[in-house]
Amino acid sequence: MRKKSEAWRSLAQGLILLLCTMLATCLFAGGSRGDVSVAPTVLVFDGEAGTKALTVKNTGAKEQVYRVSLHNFRMSPDGRMVSAENPGKDEHFAAGMVRYSPRELVLAPGGSEVVRFQVATLRPGEYRTHVLVQQVPDVDALQASPFQHDDSVSMDLQAVFGVAIPLILRQGDLPTAVTFGEARLTALPDGAPAVAVRLERSGARSVSGALSLLRNGKEVGMWDGISIYAPTPYRDLLLPVDAKDIAALSDGSLKATFHEPEDIRNPVAATAVVELH
């Protein structure tokens, strides 16, 4: 009996690890995923402390419970956001500098509530974290577990969906620049044509803006919300293009532009002609 019980506990531990993996894959950057949407999709305290509001909305068909927390992520050059416990070199996290309330919301279908974030003082430089809004698993479903054994070990695996948006604190003059690296024709995992281009960042802060590619004055594509979070030095972007443009792109160059929105203090911009390899 003891060996049987230990086997089930081992299974339970394995399932918990699997659940943690599922949790990591169900968190998305952006303003709307699953049964939740948030607005705005970024919170920036630039040069002044104070309070900012985030509206959380239940876009599902039933009542949902949402949990709000702060979590530190680190950006990889391919754009993936990886959980980070401790800051790396030239990396500054803001989780301990922000107060917020409420931390749990119960919302009816179509209902919304405001979460307020307060920063008392700013430190020189840029500090960053992410606001995590997660859907709490259905309690009724948890009470009807599909995994149950006579020694009372019970497990229920549910994907936990949520959204993550950046929360950034800035103070002082933070010179930053972006440049373009090399570009080449390639394909997406599904075989669709794409342009791979490297966008490089240098300086003291993160950047976020719109990138466009032009061929002989014609726009091949435009992508908004392209971000590089400090201290990541570059991003390797994979940008889908229309199949009918491939013949024209197969030999030559592209004009690439990147610009931040005008409401950013000291927005950065870059334009370059990139040769396709």
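The values are calculated or read from the model by the stated rules, or taken from the named source; none is laboratory data. Just so it is clear, the model here is predicted, and its values are computed rather than measured. A quick note on method: Cβ atoms are made from the backbone with ideal geometry, for glycine too, and the neighbour counts reach across all protein chains shown.
What the table below lists for this structure:
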{"read-out": "The stretch 45-66 residues that are in the same structural domain as L105 (by TED's automatic domain parsing), paired with ones that are among the basic types (K, R) and surrounded by 16 or more Cβ atoms within 10 Å (Cβ to Cβ) (beta carbon under 8 Å, 6 or more apart)", "value": "F45/K52; F45/R170; D46/R170; G47/R170"}
{"read-out": "Positions within the stretch 233-265 being out of contact with any Leu (no Cβ under 8 Å at 6 or more places or on another chain) and either small (G, A, S) or buried (at least 18 other Cβ atoms within 10 Å of the Cβ) (or both), in sequence order", "value": "A243, A247, A248, E260"}
{"read-out": "Residues of the stretch 221-263 classified as touching a residue at least 12 places away in the same chain (Cβ under 8 Å) and farther than 23 Å from P77 by Cβ, total", "value": "12"}
{"read-out": "Those residues of the stretch 89-98 which are under 18 Å from H130 (Cβ atoms) and surrounded by fewer than 11 Cβ atoms within 10 Å (Cβ to Cβ), in sequence order", "value": "G96"}
{"read-out": "Pairs with Cβ under 7 Å, 6+ apart, first in the stretch 186-207 and at negative phi, second in a loop (DSSP other than H, G, I, E, B) and modelled with pLDDT under 90", "value": "P193/V241; A194/V241; V195/V241"}
{"read-out": "Filter result (part of a strand (DSSP E or B) and within 19 Å of R184 (Cβ to Cβ)) within the stretch 208-230", "value": "L211, S212, L213, L214, R215, V220, G221, W223, I226"}
{"read-out": "Residue in the stretch 95-111 that is under 17 Å from the mean Cα position of the chain (by Cα), modelled with pLDDT under 95 and not in a strand (DSSP E or B) present", "value": "yes"}
{"read-out": "Residue among R184, R198, R205 that is surrounded by 15 or more Cβ atoms within 10 Å (Cβ to Cβ) and part of a strand (DSSP E or B)", "value": "R198"}
{"read-out": "Qualifying residue in the stretch 106-113 (condition: closer than 14 Å to A164 by Cα, buried (at least 19 other Cβ atoms within 10 Å of the Cβ) and in contact (Cβ under 8 Å) with a residue 40 or more places away in the chain)", "value": "no"}
